[in-house]
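Visitor: The structure follows.
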Amino acid sequence: MNQNTVLTQQKGAAFWKKNRLSIIAIAVLCVAAAVMLRTRYLAMILDFICIYTIAVTGLDLLFGYTGQVSFGQAGFYAIGAYTSALLSKNLGVPPILSIFIGALLATVFGVIIAFPASKLVKHFLSLLTIAFGLMVYTFVNSCSALTGGPSGITGIPKVSIFGLELGSYQSYFWLVAILMVLVLITKKNIINSRVGRAFIAVRENPHAAAGMGINVAKYKIMAFAISAFAAGLAGALYAHMIRFISPDTFTKDQSNMFMTMLLFGGIATMSGSVIGAAAITVMTELLQQFAAYQTLIYAVLILIVLFLLPNGTVGLFSKLKAAVRKRGQKRKPGKEGTPQ
Amino acid sequence: MLTLIIGALMQGSVYGLVGMGYGLIYKASGLMSLAQGDMLMIGAFLGMTFYKTLHLPFALSLLLVMVIMFTVGWLLERVLVTSLLAKGAQQVYVILCTIAISMVLQNVAMFAWGSNTMQFPPILNFSINLFGTTVEADRLLVLAVGILFMLLLHFFMQKTRFGTAMRAAAQDETAASALGINVPMTKGVAWGLASMLAGVAGVILGPSYGVYTAMGALIGQKAFAGAVTGGYGNMYGAIVGGLFLGFVEAFCAFYISSLYKDFFAFGILIIVMIFMPNGLFKEQVME
Amino acid sequence: MKKLLAILLAVLMVTGMVACGASTEETAAPQGSETSAETSSGAAASGEAIKIGLYGTITGTNALAGEMLEKGATLAIEEINAEGGINGQPLELVVYDDKSSPEGAVKAVTRLVEVDQVIAMVGSNSSPNILAGADITEEAGVIQVGAGTSPSYTNAGFQYIFRGTANANLPNKAFVDAMATNGASKIAIVNVATEYGTSGVASVKELLPDSMEIVCEEQYQATDTDFTGQIAKVNASGADSVVLYGTTADSALMIKQLRAAGFEGYIYGPEGLGVPDIINVAGDAANGVIFGSGAVIPASIEDAANDVEKAMLTAFVEKYGEMPVSDVVYRGYDAAKLIAEALRNAKDIHDPDSIREAFLGITNFEGIAGTYDFSDGSGDGLSTARVYIVKDGKNTLFEG
């Protein structure tokens, strides 16, 4: 019994030593989130960060890991948003269900697009995805009978879970945050699985991958489906958060924004999509005070960051981490020389 | 019908001009620029400044625009892209770089010239009667200049030493530099030529479209679409692809639905890509 | 890896928080300084600035309209403050960009309501963006005076939303009347595929009398530059008049290309056709364009339609050195003046309902676009619009 406690304590100490940074970080995070959630505005920003992170994470799996470029994510985002909005508003489907139907329909379109896309390379793939995004935009903007055309859809129902209505940005945060974490965990599991390794193999050299017996087309389609699901999910979450959607949200600028977030954060990393989504969202809000100059400053900032950190902000952190480790190793050897 | 064809030819040759730029950049450096449309816009603004504000003759204005736009494109490659790649950035980050450049160009233009639509005075202020349809001479000029520059580029690439060097460098960088070809130079020139072509397109479009900061956004995207359909990296493909898209657009708007024009035009492009996997002109689309 | 992720998240959140906090402080700072200035000069004890918000398309393709909206409102606020503000309290304008998208509008409106705690705001020049933020202002009880023209956001049951310009139905009615006067019978309708274009055309169709037949309906995308297909259809339909519902750049191109393709009839449309750029870009082709509008930018200050407009234009030229380039400037100006009027008459400016009552009590307010009367509770204040025709490259009042 006594020995057991000691063991637990030792285990605890080891766990603490190993993960103290994460634990501190999570604690700080929780406090920060709690503080931010007290005002609606900051809560809204958090909501947006979570929603964008979901979409960008999907794009990272497609582009970062599998090497398939997509400039049409706004198309999937739109399909998710419109499907969920229409189902819940016109057919009375509970939003919590319609959100996933929206994401699934986006996945279906992802697979449809993926069939030709899996055979295309380079710029032809860019064009296919640009064309897809543009076609979805034109459709929702033109088909007034179904989508309300340029006027969009108003009065999209609020999400409620077990009778609990998530009407405010604060309460909505819990939904989007949980889904974001689930998406991130799924991403981590995919990456560490056979599928993830196949993705990377496809990215690195599709011919070699095929030679090793990997069904390249299958994995490309899979990556497209996953990214479409994530974008559709994000779109549906967006629709029920703002409760008004119109085609202006689903232009190529939105696709470019997802791409910018991903590249800004850093591709093919766990943290890149989160950092990218958060940094770009916070940055655009901070630049509001520069009024008409904000887009210019935004673009110049991106260029500067690009030149300082050619591989996204994640590059900076890995450098920092390496530096910290070096210093730590210099200091530590006398006390505990255990190599990492 | 004839107006439809002329409209399609004019729009198509603009796509072709801008599209050739994408092809050049890709051939020379394997990269992709998303700022071509904004180069067109800057070219139009510059042309307007020289021609309307400074009252320079049109030919001189066009020449100045060509020189400036060439320099801008060349500097973009030499200063930004090269050093970005030298810093160990992955190639995809060049895309982000050009997205940012595109925003910078649009905003700089907005502060330099204002955000309203400006009038570019007509270059040839008369109309021609073609088989019973009146056509503005300026629209025909677009077509003529478009064809002229395509031919010029063709001769430059095929008949001049530097053009041959560029083609050689595009085919095999290592071999080319072993032969004493200045490969970085050919890349810079390719980017310069690309932005010059876009600038020329901007100047000749000005009188028909007016000049405003967003004028290049969609043209850039469609020119890219045309270039890809034609066979990316193939100069002649870009022209054919651009013209093809011009025709598809005009005829879709007339015979199917102007509202769904883009929907059908891009739908057709996708179908073409699937069934003609090499583009209209040969270029590997699929693996 | 996990560790890294966590650290990064934390760093980000903290930066974000600090950042957002900083912006709150920043916006709060001028308020504080102004208060101290007021008290030290010994003015009224309640010299604290009243914050008024504004959001519109400050950047992007419609940057021009947003810029005009902001300048108009700024001018109005300066005049109000020069006249002693609201019972001694100056007004302070907080401006955000809605990035021409509904989600940008939601962010801007939430920030105005939550962080800056404005008591009223000038709403976007883009109507869908007003709809996007409507729930937030309704819930918070913040007055919003919109600058968009689409009929969609008034008569929609909103309590705190008003309009600082003419509802599109009015200019539409005005130019449809002009069409009847001119004996139009075969109509081609061409519009841009945006909320502005489609809602405008829907309203026009309801107003068209039975004597007019729609022979052709065409649409185009806002970014299109070539209208060959559409124009060929218009000409093939044998229409004698065209109704063109578009925004500045595309309308100018459409007019130019229509004329170039040999269309010689009248071209009718809403206030969008009255923007000076139309004449600048289309040149002679613009002659024969007839449009309905609350007010247009005249060729010179002397040509102003009323005294309010003349005074405003004089002040504008004095401040910015040139004439405004879009009638959106009037919307910003009228909206800000209307807000000030309501605040002056409100019993308690911190009680939304009292401001709302004061707004409904505005029955005879001389704005640039006409005389505002909000007493019917619909949110619309104007009931007439004027009709103009472009003659010899100038906008002139249309008379029968």
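Visitor: Evaluate the range A:309-330: report whether one residue or more is modelled with pLDDT under 85, over 18 Å from A:THR57 (Cβ atoms), within 11 Å of chain B (Cβ to nearest Cβ) and assigned to a helix (DSSP H, G or I).
Guide: Yes - at least one qualifying residue is present in the range A:309-330.
Visitor: Output the number of the condition that A:PHE71 fails; it satisfies all remaining conditions of (1) at pLDDT 95 or above; (2) surrounded by 24 or more Cβ atoms within 10 Å (Cβ to Cβ).
Guide: (1)
Visitor: Could you say which residue among A:PHE229, A:PHE224, A:PHE258, A:PHE290 is at pLDDT 90 or above, closer than 19 Å to C:SER101 by Cβ and either of a type in the set (Phe, Trp, Tyr) or not in a helix (DSSP H, G or I) (or both)?
Guide: Just one listed residue meets the conditions, A:PHE258.
Visitor: Name the one entry in B:LEU17, B:LEU24, B:LEU84 that is within 15 Å of the chain's Cα centre (by Cα), under 23 Å from A:VAL69 (Cα atoms) and in contact (Cβ under 8 Å) with a residue 12 or more places away in the chain.
Guide: Values: B:LEU17 fails: under 23 Å from A:VAL69 (Cα atoms); B:LEU84 fails: within 15 Å of the chain's Cα centre (by Cα).
Criteria check complete, one pass: B:LEU24.
Visitor: Tell me, yes or no, whether the range C:148-162 has at least one residue that is part of a strand (DSSP E or B), touching a Ser or Thr at 6+ places or on another chain (Cβ under 9 Å) and not assigned by TED's automatic domain parsing to the domain that holds C:SER241. Can you show your working first?
Guide: Start the filter on the range C:148-162 by keeping residues that are part of a strand (DSSP E or B), which leaves C:161-162.
Add one more test, that the residue is touching a Ser or Thr at 6+ places or on another chain (Cβ under 9 Å), and what stays is C:161-162.
Narrowing further to those that are not assigned by TED's automatic domain parsing to the domain that holds C:SER241: C:161-162.
Within the range C:148-162, one or more residues are part of a strand (DSSP E or B), touching a Ser or Thr at 6+ places or on another chain (Cβ under 9 Å) and not assigned by TED's automatic domain parsing to the domain that holds C:SER241.
Visitor: Kindly provide the set of residues from the range C:314-341 that are of a type in the set (A, V, I, L, M), closer than 19 Å to C:LEU93 by Cβ and over 19 Å from the mean Cα position of the chain (by Cα), ordered by number.
Guide: To start, the set of residues in the range C:314-341 that are of a type in the set (A, V, I, L, M) comprises C:315, C:317, C:323, C:325, C:328-329, C:335-336, C:338-340.
When the remaining residues are screened for being closer than 19 Å to C:LEU93 by Cβ, the result is C:315, C:328-329, C:335-336, C:338-340.
Answer for the range C:314-341, where residues must be of a type in the set (A, V, I, L, M), closer than 19 Å to C:LEU93 by Cβ and over 19 Å from the mean Cα position of the chain (by Cα): just C:ALA315.
Visitor: Looking for something more than 14 Å from chain A (Cβ to nearest Cβ), in contact with a helix residue (DSSP H, G or I) (Cβ under 7 Å, 6 or more places away or on another chain) and surrounded by fewer than 22 Cβ atoms within 10 Å (Cβ to Cβ) - is there at least one such residue anywhere in the range C:170-179? First the steps, then the outcome.
Guide: In the first step, residues of the range C:170-179 are kept if they are more than 14 Å from chain A (Cβ to nearest Cβ); the result is C:170-179.
In the following step, the residues that additionally are in contact with a helix residue (DSSP H, G or I) (Cβ under 7 Å, 6 or more places away or on another chain) were identified as C:171-173, C:176.
Going one step further and asking which of them are surrounded by fewer than 22 Cβ atoms within 10 Å (Cβ to Cβ), we end up with C:173.
Yes - at least one qualifying residue is present in the range C:170-179.
Visitor: Only one residue in C:THR27, C:THR59 is touching a strand residue (DSSP E or B) at 6+ places or on another chain (Cβ under 6 Å), within 21 Å of A:ILE297 (Cα to Cα) and at pLDDT below 90. Which one?
Guide: C:THR59
Visitor: Output the number of residues of the range C:215-256 satisfying the condition of being in a helix (DSSP H, G or I) and either more than 10 Å from chain B (Cβ to nearest Cβ) or within 17 Å of B:PHE251 (Cβ to Cβ) (or both). Give the derivation first.
Guide: From the range C:215-256, those in a helix (DSSP H, G or I) are C:228-236, C:248-256; that's our starting set.
Keeping just the survivors that are either more than 10 Å from chain B (Cβ to nearest Cβ) or within 17 Å of B:PHE251 (Cβ to Cβ) (or both) gives C:228-236, C:254-255.
Count: 11.
Visitor: Quick one: A:SER70 ticks every box in (1) under 13 Å from A:ALA231 (Cα atoms); (2) part of a helix (DSSP H, G or I) except a single one, so which number is it?
Guide: Against the list (1) under 13 Å from A:ALA231 (Cα atoms); (2) part of a helix (DSSP H, G or I), A:SER70 comes up short only on (2).
Visitor: Return yes or no: is C:THR181 assigned by TED's automatic domain parsing to the domain that holds C:GLY269, more than 21 Å from C:PRO128 (Cα to Cα) and of a type outside the set (Phe, Trp, Tyr)?
Guide: Values: assigned by TED's automatic domain parsing to the domain that holds C:GLY269: yes; more than 21 Å from C:PRO128 (Cα to Cα): yes; of a type outside the set (Phe, Trp, Tyr): yes.
Answer is yes for this residue.
Visitor: If you go through the range C:77-97 one residue at a time, do you hit one that is crowded, with 23+ Cβ neighbours inside 10 Å, in contact with a Phe, Trp or Tyr (Cβ under 7 Å, 6 or more places away or on another chain), assigned by TED's automatic domain parsing to the domain that holds C:GLU318 and not in a strand (DSSP E or B)?
Guide: Checking the range C:77-97: not a single residue is crowded, with 23+ Cβ neighbours inside 10 Å, in contact with a Phe, Trp or Tyr (Cβ under 7 Å, 6 or more places away or on another chain), assigned by TED's automatic domain parsing to the domain that holds C:GLU318 and not in a strand (DSSP E or B).
Visitor: Under the condition of being of a type in the set (S, T, N, Q) and surrounded by fewer than 22 Cβ atoms within 10 Å (Cβ to Cβ), which residue from the range B:99-150 is nearest to C:SER251 (Cα to Cα)?
Guide: Out of the qualifying residues, it is B:GLN119.
Visitor: Residues B:PHE70, B:PHE111: which one is away from chain A (no Cβ under 12 Å) and among the aromatic types (Phe, Trp, Tyr)? Give the steps one after another, and end with the answer.
Guide: Working: B:PHE111 fails: away from chain A (no Cβ under 12 Å).
Answer to the check: B:PHE70.
Visitor: Kindly establish whether A:LEU164 is among the aliphatic types (A, V, I, L, M) and surrounded by fewer than 24 Cβ atoms within 10 Å (Cβ to Cβ). Spell out the reasoning first.
Guide: Numbers: among the aliphatic types (A, V, I, L, M): yes; surrounded by fewer than 24 Cβ atoms within 10 Å (Cβ to Cβ): yes.
Here the answer is yes, as A:LEU164 does meet what is asked.
Visitor: Among the residues of the range C:300-320, how many are exposed (fewer than 15 other Cβ atoms within 10 Å of the Cβ) and in contact with a Gly (Cβ under 9 Å, 6 or more places away or on another chain)?
Guide: Of the range C:300-320, the ones exposed (fewer than 15 other Cβ atoms within 10 Å of the Cβ) are C:300, C:302, C:307, C:311, C:314, C:317-320.
Within this subset, residues satisfying the condition of being in contact with a Gly (Cβ under 9 Å, 6 or more places away or on another chain) are none.
The total comes to 0.
Visitor: May I ask you to list the residues in the range A:139-153 that are in a helix (DSSP H, G or I) and either surrounded by fewer than 19 Cβ atoms within 10 Å (Cβ to Cβ) or more than 7 Å from chain C (Cβ to nearest Cβ) (or both)? Give the steps one after another, and end with the answer.
Guide: Here is the first cut: in the range A:139-153, the ones in a helix (DSSP H, G or I) are A:139-142, A:144-147, A:149-151.
Hits for the range A:139-153 are A:PHE139, A:VAL140, A:SER144, A:ALA145, A:LEU146, A:THR147.
Visitor: Mind telling me which of the residues C:GLU213, C:GLU264, C:GLU271 ends up being surrounded by fewer than 19 Cβ atoms within 10 Å (Cβ to Cβ) and over 29 Å from B:PHE264 (Cβ atoms)? Reasoning before the result, please.
Guide: On the way: C:GLU213 fails: over 29 Å from B:PHE264 (Cβ atoms); C:GLU271 fails: surrounded by fewer than 19 Cβ atoms within 10 Å (Cβ to Cβ).
Of C:GLU213, C:GLU264, C:GLU271, the one residue that is surrounded by fewer than 19 Cβ atoms within 10 Å (Cβ to Cβ) and over 29 Å from B:PHE264 (Cβ atoms) is C:GLU264.
Visitor: Do we have any residue at all in the range A:151-166 that's modelled with pLDDT of 90 or more, polar (S, T, N, Q), on the phi < 0 side of the Ramachandran plot and in contact with a helix residue (DSSP H, G or I) (Cβ under 8 Å, 6 or more places away or on another chain)?
Guide: no
Visitor: Now for a different question. Please determine, by comparing only the residues of the range B:7-66 that are in contact with a helix residue (DSSP H, G or I) (Cβ under 7 Å, 6 or more places away or on another chain) and polar (S, T, N, Q), which one is surrounded by the fewest Cβ atoms within 10 Å (Cβ to Cβ).
Guide: That would be B:SER61.
Visitor: Tell me which residues, restricted to the range A:261-293, are out of contact with any Phe, Trp or Tyr (no Cβ under 7 Å at 6 or more places or on another chain), within 14 Å of chain B (Cβ to nearest Cβ) and surrounded by 23 or more Cβ atoms within 10 Å (Cβ to Cβ).
Guide: Our first condition is that a residue be out of contact with any Phe, Trp or Tyr (no Cβ under 7 Å at 6 or more places or on another chain); within the range A:261-293, this holds for A:264-266, A:269-275, A:278, A:282, A:285-286, A:289-293.
Next, only the ones that are within 14 Å of chain B (Cβ to nearest Cβ) stay: A:264-266, A:269, A:272, A:290-293.
Scanning the range A:261-293 gives A:PHE264, A:GLY265, A:GLY266, A:THR269, A:GLY272.
Visitor: Among B:GLY230, B:GLY202, B:GLY188, B:GLY192, which is the only one that is in contact with a Lys or Arg (Cβ under 8 Å, 6 or more places away or on another chain) and not aromatic (Phe, Trp, Tyr)?
Guide: Working: B:GLY230 fails: in contact with a Lys or Arg (Cβ under 8 Å, 6 or more places away or on another chain); B:GLY202 fails: in contact with a Lys or Arg (Cβ under 8 Å, 6 or more places away or on another chain); B:GLY192 fails: in contact with a Lys or Arg (Cβ under 8 Å, 6 or more places away or on another chain).
Result of the check over B:GLY230, B:GLY202, B:GLY188, B:GLY192: B:GLY188.
Visitor: Within the range C:186-202, how many residues are surrounded by fewer than 24 Cβ atoms within 10 Å (Cβ to Cβ) and away from every other protein chain (no Cβ under 12 Å)?
Guide: Result for the range C:186-202: 1.
Visitor: Search the range A:239-253 for residues being within 14 Å of chain B (Cβ to nearest Cβ) and buried (at least 24 other Cβ atoms within 10 Å of the Cβ), and hand back the single one that is nearest to the chain's Cα centre (by Cα). If you could, list the steps in order and put the result at the bottom.
Guide: Step one: filter the range A:239-253 for residues within 14 Å of chain B (Cβ to nearest Cβ), giving A:247, A:250-253.
Okay, now just the ones that are also buried (at least 24 other Cβ atoms within 10 Å of the Cβ), so A:247, A:250.
Details: A:PRO247: 21, A:PHE250: 16 Å.
So, considering only residues that are within 14 Å of chain B (Cβ to nearest Cβ) and buried (at least 24 other Cβ atoms within 10 Å of the Cβ), the one nearest to the chain's Cα centre (by Cα) is A:PHE250.
Visitor: A further question follows. Within the range B:187-279, which helices (runs of 4 or more DSSP H) (wholly inside it) include 2 or more residues that are of a type outside the set (Lys, Arg), within 13 Å of chain C (Cβ to nearest Cβ) and touching a Cys at 6+ places or on another chain (Cβ under 9 Å)?
Guide: Values: elements: B:215-231, B:235-251, B:261-275.
Ranges flagged: B:261-275.
Visitor: Residues to consider are A:ILE156, A:ILE185, A:ILE178, A:ILE214; find the one that is more than 19 Å from A:GLY67 (Cβ to Cβ) and assigned to a loop (DSSP other than H, G, I, E, B). Explain how you work it out, then say what you get.
Guide: Numbers: A:ILE185 fails: assigned to a loop (DSSP other than H, G, I, E, B); A:ILE178 fails: assigned to a loop (DSSP other than H, G, I, E, B); A:ILE214 fails: more than 19 Å from A:GLY67 (Cβ to Cβ).
Every option except A:ILE156 fails the conditions.
Visitor: Select from the range C:342-374 the residues that are of a type in the set (Val, Ile, Thr) and assigned to a loop (DSSP other than H, G, I, E, B) and write down the one among them that is farthest from C:SER293 (Cα to Cα).
Guide: First, the residues of the range C:342-374 that are of a type in the set (Val, Ile, Thr): C:349, C:355, C:362-363, C:368, C:371.
Filter again for assigned to a loop (DSSP other than H, G, I, E, B), leaving C:349, C:362-363, C:368.
Working: C:ILE349: 33, C:ILE362: 22, C:THR363: 21, C:ILE368: 11 Å.
Checking each candidate, the answer is C:ILE349.
Visitor: What is the residue count in the range B:116-137 for residues that are within 11 Å of chain C (Cβ to nearest Cβ) and assigned to a loop (DSSP other than H, G, I, E, B)?
Guide: 8
The values are calculated or read from the model by the stated rules, or taken from the named source; none is laboratory data. Just so it is clear, the model here is predicted, and its values are computed rather than measured. Because the Cβ atoms are built from the backbone with ideal geometry, glycine has one as well, and the counts that use them run over all protein chains shown.
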